[in-house]
Amino acid sequence: MSNSFDGMHPYEPEIGSFEDVEAGTDEDVTAKTGTTTVGVSTEDGVVIGTDRRASLGGRFVSNKNVQKVEQIHPTAALTLVGSVGGAQSFIRTLRAESNLYEQRRGKPLSIHGLATLAGNFARGGPFFAINPILGGVDDEGSHVYSIDPAGGVMEDDYTVTGSGMQLAHGTLEGNYDPSLSIEEAEGLVASAVYAASERDTGSGNGLVVATITEDGVEIEEYDDATELISA
Amino acid sequence: MQGNNQQQAYDRGITIFSPDGRLYQVEYAREAVERGSASVGVRTPDGVVLAADRQTRSSLIEEESIEKIHSIDTHVGVATAGHVADARQLVDFARQQAQVEQLRYEEPIGVETLTKRVTDHIQQYTQTGGARPFGVSLIVGGVENGRPRLFEADPSGTPYEWKAIAVGRGQQDIQGHLEEEYDEDSDLAGGIDLALEALAVEADDLDAGSVHVSTVDVESEQFETLSTEQISDHLAELDIGGESDE
């Protein structure tokens with residue numbers, strides 16, 4: 001009785017519903033991002049960097065100009081990693097839920113709330129092979145989360161997902177510092193994406209950087225990652 | 001005769017407006033609230049106070065079993081007036097919504113969000129064929145991001161935010177007292193005193209055993225219920241009410 005009228009389902013979007021797609025449908029034939037996406041949190045904000053390549057099985061470049069980081073909240077962005085269709089649908093769903101939350105309550109969802117929601121959707125939804133990074137800024141400061149295909153949500157100072165993750169991690173380890181300025185963090189992120197683009201066949205074709213501060217999200221594209229790497 | 005029949009028709013279908021735009025069943029539900037013993041809520045900068053008169057119809061009833069104030073989550077509670085059984089349904093709905101918020105966002109539900117979930121639920125019972133409205137008003141009090149918040153949910157499903165509010169029997173007189181005596185800068189103990197004084201306006205034999213007082217203070221953000229001894233101390237200091245049985 002108490003749920004018969006308007007009990008909200010905790011694991012599903014309020015707008016629309018999850019499609020009934022079988023696991024594995026997205027494998028093999030569909031475009032994958034391959035990808036290297038890097039998120040770094042600093043005291044002043046969060047910097048996210050991604051490459052721009054979409055590939056089929058990491059062996060054929062199906063698109064050379066993909067923007068793999070999107071704003072989903074006034075002060076948060078999410079990367080597309082894995083199945084392009086799954087990741088795009090995931091982003092649209094989270095953006096709608098975040099907008100609805102803010103319109104109803106007059107204040108944006110916290111980044112932890114957004115990460116929890118993303119984890120619930122990844123676990124319960126038809127998105128499967130996605131592994132995005134969520135970066136954002138709220139009252140409590142800067143946050144970077146990785147979200148795995150099974151709905152795992154892990155916060156860290158910096159994180160990498162995608163086929164180039166090991167190469168990018170090599171660049172970040174030892175060079176990360178929480179007191180980095182935004183400009184220094186952009187340079188570090190560019191170096192990490194550059195290293196992965198040079199050696200991972202699923203990553204390449206330039207760089208997209210999203211810089212998130214309490215003022216909002218700014219996204220810039222670069223044809224060559226080295227443009228941002230200081231000497 | 002014809003007119004009389006029409007009048008009855010507006011009475012019976014709650015989804016039907018009367019010619020002058022009223023929903024009689026909703027108004028009757030407000031009457032049901034007026035018949036219930038009173039509850040009050042007081043907001044102070046240090047937290048919110050919920051207080052209720054658990055009037056008993058027999059000395060043999062266990063006063064503890066009369067449920068007027070309910071914890072919804074650790075940081076928010078509800079005081080009620082009207083049909084107890086209807087109140088229990090809404091209280092359980094509110095408890096579920098508080099946990100849905102935790103599952104969905106891993107966050108405590110805001111007092112305003114919780115109130116609006118409940119009032120949206122109540123509203124549907126004023127527009128759905130075959131249903132009747134809830135014969136109860138709720139006072140929802142709690143702490144949200146370090147701020148004390150106090151709301152009312154009435155049988156029409158309208159949410160209101162208050163500094164101090166009374167519902168139930170003698171509502172007008174009690175509200176009048178709150179309006180005269182409310183102090184924006186009162187501490188939590190002062191809020192408890194004001195709530196007890198307000199209840200005493202209507203109940204002349206107020207004693208510690210028949211009053212339920214709960215608080216949510218901004219420091220701990222915890223819903224807590226005062227012991228009978230604590231209420232006795234407040235009543236003794238205020239010099240109101242009858243003798244406690246202890």
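Just a few scattered comments:
- Every residue from region A:133-151 that is among the small types (G, A, S) and either in a strand (DSSP E or B) or modelled with pLDDT of 95 or more (or both): A:G135, A:G136, A:G141, A:S142, A:S146
- Residues of region B:204-214 include at least one that is buried (at least 20 other Cβ atoms within 10 Å of the Cβ) and part of a helix (DSSP H, G or I).
- In region B:142-187, counting only strands (runs of 3 or more DSSP E) that sit wholly within it, the ones holding 3 or more residues that are surrounded by 19 or more Cβ atoms within 10 Å (Cβ to Cβ) span B:147-153, B:164-167.
- Qualifying residue in region B:104-124 (condition: part of a strand (DSSP E or B) and not acidic (D, E)): no
- Given (1) touching a residue at least 24 places away in the same chain (Cβ under 8 Å); (2) under 14 Å from the mean Cα position of the chain (by Cα), index of the condition A:K32 fails: (2)
- All positions within region B:119-132 that are modelled with pLDDT of 95 or more and out of contact with any Asp or Glu (no Cβ under 9 Å at 6 or more places or on another chain): B:Q123
- Qualifying positions in region A:131-158 - among the aliphatic types (A, V, I, L, M) and closer than 14 Å to A:T211 by Cα: A:I133, A:L134, A:V137, A:V144
- B:L103 meets all of the listed conditions (1) at the interface with chain A (Cβ under 8 Å from one of its Cβ atoms); (2) in contact with a Leu (Cβ under 8 Å, 6 or more places away or on another chain) but one, namely (2).
- For region A:60-96, residues that are farther than 21 Å from A:S17 by Cα and either acidic (D, E) or touching a strand residue (DSSP E or B) at 6+ places or on another chain (Cβ under 9 Å) (or both) total 18.
- All of (1) farther than 25 Å from A:Y176 by Cβ; (2) modelled with pLDDT of 90 or more; (3) not basic (K, R) hold for A:L78 with one exception: (1).
- Identity of the residue in region B:106-136, buried (at least 18 other Cβ atoms within 10 Å of the Cβ) and of a type in the set (A, V, I, L, M, F, W, C), that ends up farthest from the other protein chains (Cβ to nearest Cβ): B:V136
The values are calculated or read from the model by the stated rules, or taken from the named source; none is laboratory data. All values derive from a computational prediction rather than experimental measurement. All Cβ positions, even for glycine, are placed from backbone atoms using ideal geometry, and neighbour counts span all protein chains on display.
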